[in-house]
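Everything on this sheet refers to the single structure shown next.
Values quoted throughout were computed directly from the atomic coordinates according to the rules given, and no laboratory measurement underlies them. As the structure is a prediction and not an experimental result, all values here were calculated from the model. Backbone-built Cβ (ideal geometry, glycine too); neighbour counts: all protein chains shown.
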């Protein structure tokens, strides 16, 4: 699975960001390593990227469960 510099390159190519926010790269690497992953971050913490970038890399369907408080 991609790591380090490859993830940085994908981050910039697809999202225009030069660096990950705190915790994002660790979460993304865990997902790419096949680990079950639960991410709890505040609003604006960068959760969306944590599933969007792996979805670009991995084959198959990505399922995201995102409960809303309404």
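Yes/no matrix, rows are residues, columns are (1) surrounded by 10 or more Cβ atoms within 10 Å (Cβ to Cβ); (2) within 10 Å of the chain's Cα centre (by Cα):
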{"residue": "6", "(1), (2)": "yes, no"}
{"residue": "14", "(1), (2)": "yes, no"}
{"residue": "28", "(1), (2)": "yes, yes"}
{"residue": "43", "(1), (2)": "no, no"}
{"residue": "48", "(1), (2)": "yes, yes"}
{"residue": "60", "(1), (2)": "no, no"}
{"residue": "67", "(1), (2)": "no, no"}
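Annotation note: Cβ proximity below 8 Å between a residue of region 52-64 that is in contact (Cβ under 8 Å) with a residue 60 or more places away in the chain and on the phi > 0 side of the Ramachandran plot and a residue that is part of a loop (DSSP other than H, G, I, E, B) and surrounded by 11 or more Cβ atoms within 10 Å (Cβ to Cβ) (sequence gap 6+ or interchain) occurs for no pair.
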